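Here is the structure we will look at.
The values are calculated or read from the model by the stated rules, or taken from the named source; none is laboratory data. What you see is a predicted model, and the numbers here were worked out from it, not measured in a lab. A quick note on method: Cβ atoms are made from the backbone with ideal geometry, for glycine too, and the neighbour counts reach across all protein chains shown.
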Amino acid sequence: MRKVIVTGASGQLGKALIQAYEGDPQVELVALDHKDLAIEDLESVRQMFLREEPDVVINCAAYTNVDGCEENESQANRINGVGPRNLAIYCEKLNAKLIHISTDYVFDGCGSRPYREDDRPMPVSAYGRSKLVGEMYVANLCHRHFIIRTAWLYGEGKNFLNTMLRLSQTHDRISVVDDQVGCPTSTKELARMIRFLEPTEQYGLYHGVCRGQVSWAGFAREIFRLYGRDTEVIPITTEQYRQMNPRTAHRPSYSVLEDRMLALIFPEGMQGFCMKDWKEALEEFKKENK
Ligand SMILES: NC(=O)c1ccc[n+]([C@@H]2O[C@H](COP(=O)([O-])OP(=O)(O)OC[C@H]3O[C@@H](n4cnc5c(N)ncnc54)[C@H](OP(=O)(O)O)[C@@H]3O)[C@@H](O)[C@H]2O)c1
């Protein structure tokens, strides 16, 4: 039996992880949401570790509002940088594993092929910078760490998919950015990957996204097709979007990730693990969330 703590448990990924572990007789899951534990508060983190003595911590807590981070970079750094540092310090002290979630936004998006784990991060936003700081602390302070960079997450909560579905109820046409390309990833698929890695000793940095790639406009079109909405998608450029919404943070234009380490360490067919294609994962999400 091992004790697994999930921080940020009421967020999209936290909820999917709770579902993924449900009924596992080998795991005692302790779900901590923001009011139970603010990860940037070292003393609260210390007390939590003394009380719970976890074997594993999965950190889903983060300041995920990309535009909000731009306006309040100190807060972004406290939550996304100092927070994981605090968890890393105590995981190391207790010899616990730390699974930390990071982002495609650590890259600048100027690449022309999918980013690999060994590509140089170069964030273009406060959010990306703060998440990179978090990665560095985790990698340097805790031996038994997994850092998983994911992207374009959707599940139960606030996300692009739910925004598109809501807007389609009141709009015949929606303008959507067509020159940012990435990997829409369901929280269920990412939770499946985390559950697969967690009991192993295969520590390190991973990319964890659904297979394939698409622009936000293409993603919106697929959502409307699948959900039978006749809302028209008007493709626009990032520049046009920023003219309409001048306070938006810069985002990488090409942030497709290649899950090379997963493929190298767990080759398909040999106890391997493979993330689903983004369209397949989206269909599955629709079926399960009527
Ligand atoms: N969403 C994406 O598209 C995306 C893409 C790439 C990477 N990621 C990464 O994936 C992870 C999970 O993202 P998500 O989409 O599940 O995020 P989410 O839905 O925004 O959930 C984040 C959770 O963290 C909690 N939280 C915020 N500040 C906290 C603090 N100081 N201490 C403790 N908890 C705090 C939030 O609680 P309150 O709401 O109550 O404050 C919320 O429950 C994050 O590390 C994120 O950076 C997300």
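Kindly state which helices (runs of 4 or more DSSP H) lie completely within segment 182-290 and contain at least 2 residues that are under 28 Å from Leu98 (Cα atoms) and free of Cβ contacts under 8 Å to residues at least 12 places away in the same chain.
So the answer is 260-265.
Scanning for something crowded, with 23+ Cβ neighbours inside 10 Å and more than 28 Å from Gln240 (Cβ to Cβ), does segment 207-217 turn up at least one residue?
Taking every residue of segment 207-217 in turn, at least one turns out to be crowded, with 23+ Cβ neighbours inside 10 Å and more than 28 Å from Gln240 (Cβ to Cβ).
Give segment 166-181 a look and list any residue that's surrounded by fewer than 17 Cβ atoms within 10 Å (Cβ to Cβ) and outside any strand (DSSP E or B), or say none.
Arg166, Leu167, Gln169, Thr170, His171, Asp172, Asp179
I'd like the full set of residues that are of a type in the set (A, V, I, L, M, F, W, C), in contact (Cβ under 8 Å) with a residue 24 or more places away in the chain, over 20 Å from Cys183 (Cα atoms) and out of contact with any Leu (no Cβ under 9 Å at 6 or more places or on another chain), limited to segment 118-139.
As a first pass, look at segment 118-139 and keep what is of a type in the set (A, V, I, L, M, F, W, C): 122, 124, 126, 132-133, 136, 138-139.
Narrowing the set further to residues that are in contact (Cβ under 8 Å) with a residue 24 or more places away in the chain leaves 124, 126, 132-133, 138-139.
Of the ones still in play, those that are also over 20 Å from Cys183 (Cα atoms) are 126, 133, 138-139.
Matches in segment 118-139: Ala126, Val133.
Rundown of residues vs (1) of a type outside the set (D, E, K, R); (2) touching a residue at least 24 places away in the same chain (Cβ under 8 Å); (3) in contact with an Asp or Glu (Cβ under 8 Å, 6 or more places away or on another chain), yes/no style:
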{"residue": "Gln75", "(1), (2), (3)": "yes, no, no"}
{"residue": "Ile89", "(1), (2), (3)": "yes, yes, no"}
{"residue": "Arg116", "(1), (2), (3)": "no, yes, yes"}
{"residue": "Leu141", "(1), (2), (3)": "yes, yes, yes"}
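Every residue in segment 134-157 that is within 14 Å of the ligand (Cβ to nearest atom) and either surrounded by fewer than 20 Cβ atoms within 10 Å (Cβ to Cβ) or at pLDDT below 95 (or both), please.
Within segment 134-157, Glu156, Gly157 qualify.
Any residue at all in segment 117-140 that is closer than 26 Å to Lys279 by Cα, in a loop (DSSP other than H, G, I, E, B) and of a type in the set (Lys, Arg)?
No.
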